[in-house]
Structure formats: C-alpha cells, structure tokens
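Single-structure report; data block below.
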Amino acid sequence: MSPKKKKTDDLINFTIDGQPVQARPGWTILETAEQYHIHIPTLCFHPAVKPWGGCRLCVVEVRYGKRGKVMPSCLNPPLAKLEVFTHSERVLNVRRWVLEMLLADCPASKEIRDLAREYGVTATRFTITDPEEECLRCGRCVAVCNEVVGVQALTFGSRGVNKQLDTPYRVPNNACVACGCCVTVCPTGAMSTRLDLVRGDVSRRTGHGFAH
Amino acid sequence: MKATTLEIDDILERYPKQPQHLISLLQDVQAEYKYISPEHLALICDHVGVPLTQAWAVATFYKSFSLEPRGEHEIKVCLGTTCHLKGGGRLVEACERDLAVARGHTTEDLRFTLDTVKCVGACALAPVVMIDEDYLGAASIPSLQKRLEKL
Amino acid sequence: MERIKSAAQLAGLQKKLLKAQDPKRPVVRVCLGPGCLAQGAAMVSQAFKSTIKAKKLRAKVQPLIKETGCHGFCSQGTLVSLSPADLFYVRVKPEDVEEIVEASLVKGQVVERLLYSDNGARYKSAAEIPFYKMQQKIILKNVGIIDPLKIDDALMAGAYQSFAKALTQMSPEDIINTVSLSGLRGRGGGGFPTGRKWRRAADIARENPGPVYIIGNGEEGDPGAFMDRAIMEGDPHAVLEGMIIGAYALGANKGFLYVRHEYPIAIRHLSIAIEQARSLGLLGQNILGTGFDFDLQINRGAGAYVCGEETAIIASLEGRVGEPITRPPYPAQQGLWNRPTIINNVETWANVPHIIDKGAKWYTDLGVPYSTGTKIFSLVGKVKNSGLVEVPMGVTLGRIVEEIGGGVPGQERFKAVQTGGPSGGIIPYEFKDLPPADMKPARVGLSAPVPISELKKLPVDFDSMAQTGSIMGGGGMIVMDNRDCVVDVARYFLRFLQEESCGKCLPCRLGLKGMQEFLDKFSRGQGSVEDIDELKSLAQAVGDGSLCGLGGTAPNPVLTSIRYFRDEYLAHIKDHKCPAGVCKDLIIYRVDPKTCNGCTLCVRNCPQDCISGRKKKPHTINNAACIRCGACMDVCPVGAVIVE
Ligand SMILES: Cc1cc2nc3c(=O)[nH]c(=O)nc-3n(C[C@H](O)[C@H](O)[C@H](O)COP(=O)(O)O)c2cc1C
Ligand code: SF4
Ligand code: FES
Ligand code: FES
Ligand code: FES
C-alpha cells in the first residue's frame, strides 16, 4: 500500500445535509462543515481556545442507522457513514428557543439580535432582568486568558442562573496583564465594558496567575 | 461555638501540596471557622498551588462554602421533594418571618443562619428541619417555633 | 489488630469470632438511622445504656446494645428490636426504655403496647409484618442488624468472604465475566450494564498501561431518596468490599468515595470502616498476600447536585468547579487525570460481593430478564408505611405502594407516583398502556415495550419504567395524593434544578428558568392552552440541547405531567382553579364555622393578624390580607381550617 493511499483511507466519509463530505482524523463536524462552506452558527466556539460546548447553537442532528441524536458540532468528531443535518426541525427548535431566551438574557447585544433575526426570532416572551446586559457567559474570555495568555485573571463565579464573570472578591485583579485578548474574543462586546473590572493596577502586575 | 479554634496552619498541614486538595481544605476551614476569610483563601491557594481565581470559582460554585461569617446556629429547612409536598416551604417562610431574615442569610446579631437543603435523607419523617446537628422530624410551625425558642 | 495475610487467616478469624459469640446473649438493636434520629433515637439509645447500668443487671442477662443503621420502617421510629427473643418495638420513646428493660430483658415478657399493630393485628416479630414480609433483603440484609462501627460484627455476618474468594480464586477476567453474566445494571439512575462498562475500561487500560481509578458515587443528590445513605451508614463494609473486588478486577490501585456532605454520619462510618479495613490489611499493600495493592479515600461533596454526574465528580476530585464535560470521551477512556476511571453508584458496588459469592445464575434468577437482582426504593410521601423497601426487580408498582406501603392514609388510592427525582416523571394511577407511538424505546434497547393495563400492574424495572416517560432512577419513589398539585411539583423540580444547574450551557441555564416562567404563569391561573404546547416545545429544546444529563432529563417532570395531567393544567389555565388546593394564587383559606371551637390559637399565630373572632365563637379569615402561609392550619387542633 502506498503511503498516499493510506492517507485517503484515514479520511472519514459522511454526509452533511445530504452532501457527501470527507473529514480528516481529528476534525470535528463543525470543522468539516467549514471546509465545505456549510454554515453552522456558533457563539462560544473560537479557534484560539479549546471548544467548551456552552452555547449549544452549533447543534446538529445526527442519524446513525435508526437512531437520531442532537449534539454540538464543535465538540463531536464525525463517524463514517454518519448523516448530519444542520437545519432539521429538532435543530432549529433548539436554536430558536436558545436565541429567544438570549434576547431576554442579554438584550443589549446587537450581535445576538442579528443572529436571532436570521432564525426568525425578533421578540422574546421571557423576562428581561437587566436591559443593559450583553454577556452570555460563553466562556471565551475566561478560556483565552487561561489557555492562551496563561494568567487566569478572570473566571466564572457562582453557578447556574447566577453564573457570572468574576474576579476574586469582584475587585480588579493584579494578575491581569492588560493584554486585551478577552476583549478581542468576546462575541458581543460585553467584555469591553467590563475590562476595567478585571484590569487592576498595571504597574503592579506580576504577570502570572498567582497574584493575590 | 467551640472555645478554641485550630490554627490555620494545622489545617493546611493535613493535606499534601496538590491542587486536588483544594476542596477538602476549603471544607475543613469552613467547618472550623464557619466561613472562609480572604486571608484563609489566599493561604489555601498558596498551599495547594492554584491561582486565586480558581479558588474563588470553587468557593462560589459549591453551596457549602460561605465567604461571610455564619450565625451561631444553623437552621436548615429541608426542601427535598417529600418535604416540599409536606409543607417544608411554609416552614421556611415562617422562619423568615420569625427571624426576620431571608433564606441563605444570617441574622444581624449573628445568632442564626437560615438555609434550605435539598433532602437530608430522613424523608420518611418529612418535613424535616435540621438545627445545627439535630434533626427535627414531622415538623410544624408550632413545633419549630418551640424548638427555636429553646436556643 | 493484626494484619491478615491470607484468605485462610481471614476465614479463621471469622470462625473464631463466631465461636466466641454467645447466641443466648440478649441483643438490643436500636435504630440510629436518619428517620429514627429525627424522632429522638439517640436519646432512646442513651436511655438503654443508662438504665442497664443503673439496674446492674445480673451477669447472666447482661445485654448488648447495638446502635444500628436504618431498619427500613422509618415511619414507625424509633425502632428497637430484641434478639434472641425476636421482638420488634415501634415508636419507642426514652420513657419506654425502663419498661422494656424490666419486662422484656429481665422477665422475658412482651410489652404489648409497643408492638406494631395494624388493622387489629399485633405483630411480635418484624418478619411477620406485611411491610417486611413482602420484601427480599439482600443488599440491606445486614443494615439494621450489625453495628456499622464494628468490623467484627460485619465479619461475623460474612463480610469480606467474597473479597477473599475473588482475590484468591478468581482472575480479574473471571470477575468481569461474572458481573457481565449477572446482568447487573447501574443503580445510580442510568441503568448502564456494569459488566460492559468494566470490560471497556479493562480493555482501554490494557492498551495504555498506567494508573486506573475507581470511584464510588455516594452523592445521592435526588431529593426524596436515601437508599445509598442507609447502605453507607448501616453496612459500610459492603461498599468497601465491592470496591476492592472491582479494583482487583480492573487493576486499580486507588479508589475514591465521593459522599455528599449532607450525610456526615455516612462519612464518619465509612471513614471508620476504611481505617479498620486498613488495620486488618484488607486495604493497603499486598492484600491477602496476593501482591495486589489498593487504597481508598473519602472525598466529601460540597453541595452541588450536578456533582453526581460522572464528569463533574471527576472535576470536583481534581479540585475544580463541578462543570460536566461532553462525553465521549467517557471516564472509562479518559477520566481522573486523564486515566481510565470507573464510576459506579455505591449500591451498585454493594451488589458485587453478592454476585461473586452466589454466582451470576443466582443473581439473574432474581428479578426479570433485563433487570436482574433486587433494588432498594425509598418509599415516601403520602403513603402509610414509609421507609426503605428492597424487592426483586419487576415487582409491580401496586405491590410496592399499596401492599408494602399500605396505600395513602385515609384515601382509597394514590394519585400519582414520582420516580427518578428531578430526572424522572410523574405517573398517574390511571396510567393505561400507551399508544405505541408514545412509547419511549427502552434506554439500553434490550427489551421490547410491553403494554400495561394500569399503573398498579407496572413492573418496576429499568425498561418498563422508561416506557412511561419516567425513569427508575436512583430509587426514590414519592407517592402523591389528591392534595398534591402536579403543576406545583413540576415547578418545584425546575426550581430545584435551577439552583443546582452548573450554568455552563445555555439550554439548561436559560431554559430551566424559561420553563419555570411558563409554569409560574399557569400556577397564577394565567396563560393559554397554546402555552402548554409552547412549553412542550421548549422542554424538547432543553432536553435536546443540554450538555449533561441534568439539563437533558430536566424536561421529564414537565413532559410527563403534561402528558398525564393535561386536565389539571387546563383547570389552572381555564378555570383558574388548583384542584389540589396548592397553588397559592388560586386558593383561599376558610374556617369551617361548624368545626371551629373558637380556641383562638389561630388568631394568636396568624402573622398577618387577619383572623378575627371571639373566644368560643367561630372565627373568620380576612382573605384580602391573608398570605396563605398555613400557620392557622398547622395550629388548629380540630382541623377547621380548610383550603378552597
Ligand atoms: C445531574 C446528574 C446527577 C446524578 N446524580 C447521581 C447521584 O447522586 N448518585 C449516583 O449514583 N449517580 C448519579 N448520577 C449518575 C452518574 O452520572 C453515573 O451514571 C452513575 O454514578 C454511574 O454508576 P452506575 O452505573 O452504578 O449507576 C447523576 C447523573 C446526572 C446527570
Ligand atoms: S445541562 Fe445544566 S448542569 Fe449540565 S452542563 Fe449544561 S448547564 Fe451544566
Ligand atoms: S459553538 Fe458549539 S456549543 Fe457553542
Ligand atoms: S425530602 Fe426532606 S429529608 Fe428527604
Ligand atoms: S431510620 Fe430507623 S427505620 Fe429507617
């Protein structure tokens, strides 16, 4: 067997929305779709950080034999012969509800409003607690600070409905190196209004995550 | 409250300096001092070698940690399914009225902390209230009031 | 204690202990389980000790007081059983102790008034009581019998015999095979075949050598369930034995027991048991001289329901926030510190020694084909006999609730049963076989759906339960009567889950709140019929979109309640009535003038001062000011306060 032949053997053949596609080993369904210019919406995925799987906007329905399942495309590798549907009824149902609820959760975000409109969601029936809110807790900022910058200046505090972007004791964190990466990766611009909550006295920065 | 409290160093000594012991250490400090002070949180971080942000995330994520001093007595009203069906909700409301404190909070004089728990495993005796380490089974508003008066 | 170095030595020790035991010595077993503690069991036990001391009983009758785990019949606590007289006393108070000692221990008589009586019959021994008679105790066999703090007591009851057999007579492969053949399925809720899980981990571990870990899941977060607590408190060595056998089969040298911190007694008993096992050499290095090393450590949960989920436990053990991650990779592939990790519920672990001891065939003979063995249920709620019930799988729900549980006090039938906690559903008494389209395929897809004519006849096994839209779950079984509102219960679970969700993924963090907004509307008598369908659609989205099982199963209580109790939803929405009299915005409290004897207790207890009436005259409630706190109902000695 020639090495070249072996290579094509490793490729995973499956379909997305009926179209035959090939994935390299290690690719996710989302990455494969991008190669073929098939659009799947995402909010928490960012190529600079490990996929976190929080926003669930990238969900697709997969059918394997008789079984159907909805799963996030940013985290799951394809299997040979898998049938993937990016816009099935079940998928759209998840996206529409998530978007409608996001309209109530971060009503100030234009990005969310635009995305929602693409899915025909223009109004929300849910209670808006903070009209100024833009942060959807997608975790990109936390991940980039931790994985790429390596300082862990910010984190999520509390849990569930109270989960929020935090620094210890909600005071600016001197571990922050003021690099602004968090602002860059933020999908809604929420981080730019919050940077001063994180960035401490830059002159005292220590450059690693252990400053208190 | 106990007359003497352990030194923080003695508690730290119980665990090797590894990140995996963060939660156990927080629990021990919580048990000893009834809350985790900023100084202790920093000392724990240094001991196990994790950034303060991680300890903060952990301390605010898990319900059993408190970053503020708690009351002398802890009243935990069970709101597990069985206790809910048998009127646990009315018991918390009664406590909130009687102690003038919202659930999850401590009275101003630091006498009582009122909290709710999700099932203490004594469901056959629902509704159940835990007062410090004691269980009060088949509780009613009058029996609870009587018990609290004794404290 | 001397370290045991071989299986023969262990058998010798057991024989020696049994021989030294005096079968005629009276034993008083006082239940110190959670239910009895809530009824003052600690004082009863104290009373026994001091009375016996004070009386200076002659050496001949010097009784042994054993403080045991839960006897099961918690609603009758404090329970005291005497052997060899085989007497079973219920509702024992400290003041009864003197009489028990005097009559039963000294004179050998029976204290009639403390016996359990029902429908005119009095029962002297526990075995005759219908509640116990219909059970088959295997996992709970020693719970309530042995002193959980004494390893000698456990050894005399046969603990660690299977462990010795497994380590000295079986290969790891034999053990995995036996467990596979037994058909054991996980007791933590998912019902995944344990043997298959172990085989997968063993294969992966073989391919990439290095440490393997095992975890005992004692988080028991489902509210209304306390079987795991009873095992951990009442027979901790059973859990250890199962875990050591599992560790040997899987090649693990380190195990963790993750126990929720709300169970301090379980944590204490397990810690003591581990210490004892270590000092006997049953844990540690070169166990029984076989060259196998294994040690166990206890980690306390820190108050997070989601930390019952496998990947969240792992995060928690590593010292991180308990946020689940997507599977695959499964913990068996990449778990604790990225090494193969096997997580089983503590009840699952406690099953293992029995399977090793008596064999796979014996185990499959218990229960039904795809759900083998016995299962412990915590039968609570509006049921006469509440407590722990262990029955073979496949026993009908009617048998558990009506025959063992004695049905709803004062009512002909129960309204519904809630199983599986927040991941489960509410199934009605009128449950009839579902149209095939509605039948959910059984989770593991092993057995075909069977039509069932009524709920009472529903066999309680993994697959039949799944067909109803509920799940068997950990074993919580909460009986509801017609004073319980399904809208309220569905709301209750959503509130519970919102407080417990980790908040990582949007369908769960936002969707639980969203679903609750719908239900809040209904409970206020608002909303429309279309809203019910919208809620169903949202529930589907939450179930499909969520990352872990918490959000994934969160729709179950909502969907089952809509499916089976649509009329009750409509009563709220269209008639603005809560038929069960629970939803505060739709009810009023009223004093029945015929029953009220004018004692003024309610007047004095009303926080709103909205009850008026003179002494000895019927009272009235001013409904405009009433906050429906129920204080009057609780204090009324004649039950004159009614809800409409
Ligand atoms: C949100 C959530 C909570 C859970 N809580 C528990 C629990 O309290 N106890 C438990 O044994 N399993 C619990 N589980 C199931 C575990 O994830 C896991 O499946 C189980 O411990 C495996 O053991 P088993 O195969 O012996 O059942 C929970 C699962 C989820 C998704
Ligand atoms: S489903 Fe809920 S608990 Fe599970 S990961 Fe998502 S937010 Fe966390
Ligand atoms: S992009 Fe996949 S979950 Fe957010
Ligand atoms: S529900 Fe309250 S003790 Fe279980
Ligand atoms: S606690 Fe005593 S019988 Fe259950």
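The values are calculated or read from the model by the stated rules, or taken from the named source; none is laboratory data. Keep in mind the model is a prediction, meaning the values are calculated, not measured. Glycine also receives a Cβ, built like all others from the backbone with ideal geometry; neighbour counts cover every protein chain displayed. For accessibility, only protein heavy atoms count, side chains too; no ligands or nucleic acids. Shrake-Rupley method; radii C 1.70, N 1.55, O 1.52, S 1.80 Å.
Work out, in µm²/s and without decimals, the Stokes-Einstein translational diffusion coefficient of chain C at 4 °C, 1.567 mPa s, Rh from Kirkwood over C-alpha pairs. Working shown, then result.
Details: Rh = 26.5 Å.
It diffuses with D of about 49 µm²/s by this estimate.
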Residue C:116 accessible area, 1.4 Å probe, all protein chains in place, Å² to nearest 10:
10 Å²
Across the residues of A:53-59, average count of Cβ atoms on other protein chains within 10 Å?
6
Hey, got the Cα dimensions of the stretch C:22-129 along the principal axes, in Å, largest first?
38, 27, 25
My understanding is that a pair violates if its Cα-Cα distance is over 23 Å; which of B:86/C:584; B:118/C:141; C:197/C:375 do that in this structure?
B:118/C:141
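Summarise the partner chain shielding of A:160-171 as one whole number: the mean count of Cβ atoms from other chains within 10 Å of each residue's Cβ.
Values: counts 16, 10, 6, 9, 2, 0, 4, 3, 13, 5, 1, 0.
Partner Cβ neighbours, averaged per residue: 6.
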With the 1.4 Å probe rolled over protein heavy atoms, the stretch C:193-259 has an accessible area per residue in Å² of 22 Å²
Return the distance in nm (one decimal) between the two label points of a simple spin-label model at residue B:102 and residue C:567, each offset 7 Å from Cα along Cα→Cβ.
4.1 nm
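Restricting things to Cα coordinates, could you compute the convex hull volume per residue of chain B in Å³?
Details: hull volume 18.3 nm³, N = 151.
Looking at chain B, the number lands at 121 Å³ per residue.
Take the Cα atoms of the stretch A:88-209, build their convex hull, and give its volume per residue in Å³.
Numbers: hull volume 14.0 nm³, N = 122.
Normalising the Cα hull of the stretch A:88-209 by residue number yields 115 Å³.
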When Rg is the radius of gyration of the Cα atoms in the stretch C:220-354 and Rh is its Kirkwood radius, what does Rg/Rh come to?
0.95
Ratio of the Cα radius of gyration of the stretch C:49-198 to 2.2 N^0.38 Å, where N counts its residues
1.38
For the pairs C:16/C:56; A:81/C:513; C:5/C:56; C:15/C:137; A:110/A:163; C:137/C:457, note any where the Cα-Cα span goes beyond 32 Å.
A:81/C:513; C:5/C:56
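Can you give the FRET efficiency for residue C:623 and residue C:43, using 1/(1 + (r/R0)^6), R0 = 45 Å, r = Cβ-Cβ distance, to the nearest 0.05?
Details: r = 43 Å, r/R0 = 0.96.
The pair residue C:623/residue C:43 has a calculated efficiency of 0.55.
Rank-order C:41-47, C:376-382 by packing density, defined as the average count of other C-beta atoms within 10 Å over each peptide's residues, highest first. Kindly include the intermediate steps, with their values, before the conclusion.
Details: C:41-47: 20.4, C:376-382: 28.4.
Averaged packing, sorted descending, gives the order C:376-382, C:41-47.
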Rounded to a whole number, the mean other protein chain Cβ count within 10 angstrom for residues of A:63-76 is 2
Based only on the alpha carbon positions, what is the Kirkwood hydrodynamic radius of the stretch A:29-114, in angstrom?
13.7 Å
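Across chain A, how large is the tail of the calculated P(r) beyond 25 Å, expressed as a percent of all Cα pairs?
Working: 10798 of 22366 pairs.
So the portion of pairs separated by more than 25 Å is 48 percent.
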With a cap of 10 neighbouring Cβ atoms within 10 Å, and only residues DSSP puts in a loop, list the trypsin sites (Lys or Arg not before Pro) found in the stretch C:586-639.
C:594, C:614, C:615, C:616
Debye-sum result for the stretch C:576-635 in log10 I(q)/I(0), which assumes one identical scatterer on each alpha carbon, at q = 0.29 Å⁻¹
-1.27
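What ranking, highest mean first, results for peptides C:555-567, C:122-134 when packing means the other Cβ atoms within 10 Å averaged over each residue? Walk me through the intermediate numbers first.
Values: C:555-567: 22.2, C:122-134: 16.5.
Packing order, densest peptide first, comes out as C:555-567, C:122-134.
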Mean projected area in nm² (Cα convex hull; one quarter of hull surface) for the stretch B:8-61
3.1 nm²
Using the alpha-carbon centroid of each, what span in Å lies between the stretch C:79-97 and the stretch C:1-44?
18 Å
Residue B:67 paired with residue C:50, simple spin-label distance in nm, labels 7 Å along Cα-to-beta-carbon:
4.6 nm
How long are the three semi-axes of the equivalent ellipsoid of the stretch B:73-150, in whole Å, if each is the root of 5 times an eigenvalue of the C-alpha gyration tensor, listed from largest down?
19, 12, 11
Protein heavy-atom accessible area occluded, B/C pair - total, 1.4 Å probe, Å²
4000 Å²
Please give every one of the aspartates and glutamates within straight-line cross-link reach of residue C:124, meaning a C-alpha to C-alpha distance under 12 Å, and leave out same-chain neighbours fewer than 8 residues apart.
C:86, C:112
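After finding the eigenvalues of the alpha carbon gyration tensor for the protein assembly as shown, what semi-axes result from the square roots of 5 times each, listed largest first in whole Å?
44, 37, 30
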Using the basic label-point model (7 angstrom from Cα toward the beta carbon), what is the residue C:169 to residue A:164 distance in nanometres?
6.3 nm
Rg(Cα)/(2.2 N^0.38 Å) for the stretch B:30-114, N = residue count
1.32
Suppose only helical runs count, i.e. DSSP H with n ≥ 4. What mean residue ellipticity at 222 nm does that imply for the protein assembly as shown under -39500 (n - 2.57) per run, divided by all residues and rounded to the nearest 500 deg cm²/dmol?
-10500 deg cm²/dmol
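Sorted by mean Cβ packing within 10 Å, highest first, what order do the peptides B:61-69, C:390-398 take?
Output ranking for B:61-69, C:390-398: C:390-398, B:61-69.
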Cα pairs beyond 20 Å in the stretch C:86-155, in percent, come to 45 percent
In the A-C interface, the accessible area buried, summed over both sides, Å² (probe 1.4 Å):
2600 Å²
Restricting to bridges with both residues inside chain C, how much of the DSSP beta-bridge set is antiparallel, in percent to the nearest 5?
60 percent
Hey, any idea what % of chain A's accessible area is carbon plus sulfur with a 1.4 Å probe?
52 percent
Suppose every Lys and Arg Cβ carries +1 and every Asp and Glu Cβ carries -1, with no other charges. What dipole size does the stretch C:451-491 come out with about its Cα centre, to the nearest 20 debye?
60 debye
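With a cut-off of at most 10 other beta carbons within 10 Å, and DSSP calling the residue loop, which GluC sites (Glu not before Pro) in the stretch C:1-105 qualify? Please list them.
On the way: sites: C:2, C:67, C:95, C:98, C:99, C:102; in loops: C:2.
Here the GluC sites (Glu not before Pro) that fit, given the DSSP loop and packing criteria, are C:2.
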Roughly how many whole Å is it from the C-alpha centroid of the stretch C:531-598 to that of the stretch A:29-107?
32 Å
Between the stretch C:135-214 and the stretch B:1-54, how many Å separate their Cα centres?
35 Å
